[in-house]
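No lab work stands behind these numbers, since they all come straight from the coordinates. None of the values given here were measured: they were computed from a predicted structure. Reconstructed Cβ throughout: ideal geometry from the backbone, glycine too, with neighbour counts over all protein chains shown.
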Amino acid sequence: MNHPTGDELLLFAYDELPEDRAAQIESHIESCGACQRELAQVERGRAALDFALPPRRQRAIVWTALALAAAAVIAGVVLARSVVVPDPGRHWTPTTTWSGTAGYVTGGKAMLDIDVQLTRLEQERYYGLPN
């Protein structure tokens, strides 16, 4: 048998050869010292590469896909659920107050403070007169 190529040794190291070819290369490596040294060098390079590269992101991709699928399901449930129609007999009371003076909406103490300031402005002598 001829010596395996560098590519075949690399595929052999990663266990990605067809079974029959892998068996042939394995039997050749057992009897060939040069191929044993070359395979050992490939294995050292593989180990160094695995150490130098960041961890594979396969898990992150799987979790991202699962999260997106869950978000799609939740969005579908929210959009498809029936809308609650309020009872027409119940009276709705707004939580804000309209100011007829300024035409704005606010509520609580802020409304009172603004109205007091506007009333003071309206009572001044030059209110509404051209400059």
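Worth a mention:
- For the range 6-52, convex hull of alpha carbons as volume per residue, Å³: 59 Å³
- Cα-centre dipole for the range 6-52 with unit charges at Cβ (Lys and Arg positive, Asp and Glu negative), debye to 20: 260 debye
- Stretching Y14 away from A65 to a fully extended chain increases their span by 15.6 nm, per 0.36 nm per residue minus the current alpha-carbon distance.
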